[in-house]
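> The structure that follows is given in the form of structure tokens.
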Amino acid sequence: MVANSWFLVWGAVEIATAYGVSELIIGLTVVAIGTSLPELASSISALRRNEHDMVLGNVVGSNLFNTLGVVGLAGVITPIQTGSEVLSRDWVVMIVMTTLMVVFAFSWRGRSRRISRAEGGVLLLLFIAWAC
């Protein structure tokens, strides 16, 4: 699975670079999807066994590690420079989507602790709108 993810990321980056796609978009979409494929496989496996907590923990834990561990290690090795659009646009979107996921996942409204298909669709549409 790891080798397949590596080939997917490498091939997609080469194709995107050939078409003139910016490194920011490549990093935020192609590389993120490719490196998340192992987590997706384990989440699908957990869903088949009705272990919903495992899926949510996998998603949140993976994102926290990628954000804090990977970026932190890269920052220790060499300083990281970010464009202003990353801080002004992407952080706002991330905070809004994380807040929505928390609201959807918890049972504050007297319903079960589930993210419904409609709520999942809202999150997916927000992601697609952000990526375009």
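Just so you know, all these numbers are worked out from the coordinates, no wet-lab data involved. None of the values given here were measured: they were computed from a predicted structure. When we count neighbours, we look across all protein chains shown, and the Cβ atoms used for this are built from the backbone with ideal geometry, even at glycine.
> Starting from the Cα-Cα distance between Val71 and Ser45, subtract it from 0.36 nm times their residue separation and give me the gain in nm to one decimal.
Numbers: separation 26, 0.36 × 26 = 9.36 nm, distance 2.80 nm.
Extra length available between Val71 and Ser45 comes to 6.6 nm.
> Hey, got the Cα dimensions of region 82-132 along the principal axes, in Å, largest first?
Extents along the principal axes: 42, 19, 11 Å.
> Calculate the spin-label point distance for Arg117 paired with Val102, positioning each point 7 Å from the Cα along the beta-carbon direction, and give it in nanometres.
Result: 2.9 nm between the two label points.
> If exposed trypsin sites (Lys or Arg not before Pro) are those in a DSSP loop with at most 14 other Cβ within 10 Å, what is the longest stretch of the chain that has none?
Numbers: sites that count: Arg49, Arg109, Arg111, Arg113, Arg114.
Between exposed loop sites, the widest span is 50-108.
> What whole-number value in cubic angstrom gives the convex hull volume per residue for the C-alpha atoms of the chain? Walk me through the numbers on the way to the answer.
Values: hull volume 17.9 nm³, N = 132.
In the chain, the Cα convex hull volume per residue is 136 Å³.
> If you take the Cα atoms of region 13-60, find Rg, then find the Kirkwood Rh from the mean of 1/r over all pairs, what is Rg/Rh?
Here the Rg-to-Rh quotient is 1.20.
> Moving on. In nanometres, what is the gap between the two model label sites at Ala18 and Arg89, each 7 Å from Cα along Cα-to-Cβ?
About 2.6 nm separates the two model spin labels.
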